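A.B. asks: Sharing a structure here in structure tokens format.
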Amino acid sequence: MAPPKDAGGAPIIVSALFGKADFTWLDGLRRAHFPPKRNVLAAHLTLFHHLPPSLAGELDGRLRRATAHVPRPPAIVDRLFSLGRGLAVGIRSEALMAIRADLAAAFAGCLTPQDSGGWRPHVTIQNKVAPAEAKALLAALSAGFMPRPLAITGLASYHYRGGPWELIHRYMFLG
């Protein structure tokens with residue numbers, strides 16, 4: 001395997017990867033409801049928003065160990081919830097929470113306040129709209145909402161340089 005790409009000072013983001021059908025569904029919701037001028041990313045489930053680039057090598061090893069020969073973590077889309085000026089799809093996965101907790105413990109002294117606080121796994125579908133618009137979308141999507149399984153196929157690390165994320169590496173679970 002190739003070593004992680006040189007970070008060049010850019011912070012590192014870690015996210016979960018979705019199965020194709022689930023990604024298509026979530027990204028379709030995001031493209032339909034996220035303000036187009038602000039929607040520079042595909043649907044994503046962020047585990048860490050800002051890890052120091054100095055952790056790239058250690059993070060690579062930990063993500064490899066967390067996914068190598070490990071079955072996909074069971075996950076469920078279990079709720080829709082308001083972000084005040086947007087809407088999110090809530091995700092429940094004890095196995096993914098355990099992976100994140102292990103990583104958070106390993107990097108505790110390096111985490112930003114956002115990453116060291118509690119983790120509420122979700123995919124943002126809409127953000128930075130008027131509260132009334134967000135409330136209307138929540139009501140509309142809640143009418144037909146049913147919890148459903150979600151395929152988490154892997155983890156990925158990215159550099160953040162102010163725009164769309166730059167992929168460093170994907171780490172796939174078994175399955």
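A.B. asks: How many residues does region 105-144 contain that are closer than 30 Å to SER54 by Cα and without any contact (Cβ under 8 Å) to a residue 24 or more places away in the chain?
C.D. replies: So the answer is 7.
A.B. asks: Residues of region 34-43 being touching a residue at least 40 places away in the same chain (Cβ under 8 Å) and either in contact with a Lys or Arg (Cβ under 9 Å, 6 or more places away or on another chain) or polar (S, T, N, Q) (or both), which ones?
C.D. replies: If the condition is that a residue be touching a residue at least 40 places away in the same chain (Cβ under 8 Å) and either in contact with a Lys or Arg (Cβ under 9 Å, 6 or more places away or on another chain) or polar (S, T, N, Q) (or both), then PHE34, PRO35, ARG38, LEU41, ALA43 are the ones that fit.
A.B. asks: Could you run through region 17-64 and say how many residues are closer than 30 Å to LEU141 by Cβ, part of a helix (DSSP H, G or I) and not acidic (Asp, Glu)?
C.D. replies: Counting residues in region 17-64 that are closer than 30 Å to LEU141 by Cβ, part of a helix (DSSP H, G or I) and not acidic (Asp, Glu) gives 12.
A.B. asks: Sticking with this one: Please list, ordered by first then second residue, the pairs with beta carbon atoms under 7 Å, 6 or more apart or interchain, first in region 16-33 and in contact (Cβ under 8 Å) with a residue 24 or more places away in the chain, second in a helix (DSSP H, G or I).
C.D. replies: Pairs found: ALA16/LEU96; PHE18/LEU26; HIS33/LEU137.
Condition check ((1) of a type outside the set (A, V, I, L, M, F, W, C); (2) in contact with a Pro (Cβ under 7 Å, 6 or more places away or on another chain); (3) over 15 Å from THR46 (Cβ atoms); (4) surrounded by 12 or more Cβ atoms within 10 Å (Cβ to Cβ)) across all residues:
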{"residue": "ALA130", "(1), (2), (3), (4)": "no, no, yes, no"}
{"residue": "LYS135", "(1), (2), (3), (4)": "yes, no, yes, yes"}
{"residue": "PRO149", "(1), (2), (3), (4)": "yes, no, yes, no"}
{"residue": "ALA156", "(1), (2), (3), (4)": "no, no, no, yes"}
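A.B. asks: Moving to a separate point now. Look through region 104-153, keep the residues that are touching a strand residue (DSSP E or B) at 6+ places or on another chain (Cβ under 7 Å) and among the hydroxyl-bearing types (Ser, Thr, Tyr), and return whichever of them is nearest to GLU58 (Cα to Cα).
C.D. replies: Only one residue fits best here, namely THR112.
A.B. asks: Of everything in region 99-138, what is part of a helix (DSSP H, G or I) and closer than 22 Å to ASP22 by Cα? Give them in sequence order.
C.D. replies: If the condition is that a residue be part of a helix (DSSP H, G or I) and closer than 22 Å to ASP22 by Cα, then ILE99, ARG100, LEU137, LEU138 are the ones that fit.
A.B. asks: Which number in (1) surrounded by 11 or more Cβ atoms within 10 Å (Cβ to Cβ); (2) over 23 Å from ALA42 (Cα atoms); (3) under 15 Å from the mean Cα position of the chain (by Cα) marks the one condition that LEU111 misses?
C.D. replies: Evaluating LEU111 over (1) surrounded by 11 or more Cβ atoms within 10 Å (Cβ to Cβ); (2) over 23 Å from ALA42 (Cα atoms); (3) under 15 Å from the mean Cα position of the chain (by Cα) leaves (3) as the failure.
A.B. asks: Could you list, ordered by first residue, the pairs with Cβ atoms under 7 Å in which the first is in region 48-74 and buried (at least 16 other Cβ atoms within 10 Å of the Cβ) and the second is part of a helix (DSSP H, G or I) and of a type in the set (Gly, Ala, Ser), at least 6 apart or interchain?
C.D. replies: Final answer for the pair search is ARG62/ALA106; PRO73/ALA95.
A.B. asks: Residue under question is ALA98, and the condition is that it be surrounded by 13 or more Cβ atoms within 10 Å (Cβ to Cβ), modelled with pLDDT of 95 or more and closer than 16 Å to PRO121 by Cα; does it hold?
C.D. replies: No, not satisfied.
A.B. asks: Also, quick follow-up: For region 18-47, which positions are surrounded by fewer than 12 Cβ atoms within 10 Å (Cβ to Cβ), under 16 Å from GLN126 (Cα atoms) and of a type in the set (D, E, K, R)?
C.D. replies: LYS37, ARG38
The values are calculated or read from the model by the stated rules, or taken from the named source; none is laboratory data. Everything numeric in this text was worked out from a predicted model, so none of it was measured. Don't worry about glycine lacking a Cβ; one is built from the backbone with ideal geometry, like all the others, and counts go over all protein chains shown.
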